[in-house]
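Presented below is the structure to which this report refers.
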Amino acid sequence: MTSRYRFILLGVLGFATGFSALFGQASKKGAIAYPTGYRHWTHVKSMLIYSKENALFEKFGGLHNVYVNDIGWPSLQKGRAYPDGSMFVFELFDMRTFQGTIEARGRKFLAVMKKNSKLYPGTGGWGFEVFQGYQATGSLKDTKQCFDCHSSQKPRDYVYSDYVE
Ligand code: HEC
């Protein structure tokens, strides 16, 4: 193969992979993008789940912080239903005890909820997603596990957290 052909082939391959990446994203209907900048949203609360006494320890053990974006914030304050575009982030850090402290270590995952009544009518209008570790691409296969538990909060529009003043 001449280098010219090799060049063209690489170009075609590059285009094809780029296209399939775009297409792949578009075909995952209602996929939630990584919530860039969420640390600048409103901090709602933090909690440390530190022992097996808590039933959620296996899955959610560690330090978590909850954030809400500007669209969701007024509803959280007033306890009203959330408008489309509202987002919550639940970030979970691993922990370690050290010289009388409990320190946050690496991030285990980010769990995200995004309101869009048209896209997610089957789950109370909320989309759910999980970003493992520091990955920027969501990995959640089935939102049912999330929604099943969050359904108990239906009167509060499926949101658990209260703002801690
Ligand atoms: C076993 C029950 C349970 C399951 C399963 C669960 N959650 Fe939650 N989730 C909670 C609780 C309890 C809180 C509140 C934590 C707090 O008060 O600090 C919460 C909080 C959240 C929040 C912050 C907003 C809110 O409702 O307070 C997000 C975002 C979230 N969860 C996303 C998810 C996603 C995504 C999944 C699925 C991968 C999921 N959750 C699965 C119980 C659950």
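Phi angles across the range 91-96 convert, under the Karplus curve 6.51 cos²θ - 1.76 cosθ + 1.60 with θ = phi - 60°, into 3J(HN,Hα) values of 9, 10, 10, 5, 9, 8 Hz, Gly and Pro given as x. Among the listed pairs LYS115/LYS144; LYS52/LYS115; LYS45/LYS154, a Cα-Cα separation exceeding 27 Å is found for LYS52/LYS115. Heavy-atom surface analysis with a 1.4 Å probe gives the range 50-116 a carbon and sulfur content of 51 percent of its accessible area.
Modelled spin labels at ALA33 and ARG96, positioned 7 Å past Cα toward Cβ, are 3.6 nm from each other. Qualifying trypsin sites (Lys or Arg not before Pro) in the range 79-110, where qualification requires a DSSP coil assignment and no more than 14 other C-beta atoms within 10 Å, comprise ARG80. In terms of its alpha-carbon gyration tensor, the range 109-165 comes out oblate; a/c meets the 1.5 threshold, while b/c is at least as large as a/b.
Rounded to the nearest whole Hz, the Karplus-based 3J(HN,Hα) values (6.51 cos²θ - 1.76 cosθ + 1.60, θ = phi - 60°) of the range 113-127 follow the sequence 10, 9, 7, 7, 4, 6, 6, 10, x, x, 10, x, x, 9, x, with x at glycine and proline. Could you tell me which chymotrypsin sites (Phe, Trp or Tyr not before Pro) in the range 85-165 are loop residues by DSSP with no more than 12 other beta carbons within 10 angstrom of their beta carbon? Here the chymotrypsin sites (Phe, Trp or Tyr not before Pro) that fit, given the DSSP loop and packing criteria, are TYR134.
The values are calculated or read from the model by the stated rules, or taken from the named source; none is laboratory data. Just so you know, these numbers come straight off a predicted model, no measurement behind them. Using ideal geometry, Cβ is built from the backbone for each residue, glycine included, and neighbour counts are taken over all protein chains shown. For the accessible areas, the whole protein counts, side chains as well, though only heavy atoms, and no ligand, DNA or RNA atoms are used. Shrake-Rupley method; radii C 1.70, N 1.55, O 1.52, S 1.80 Å.
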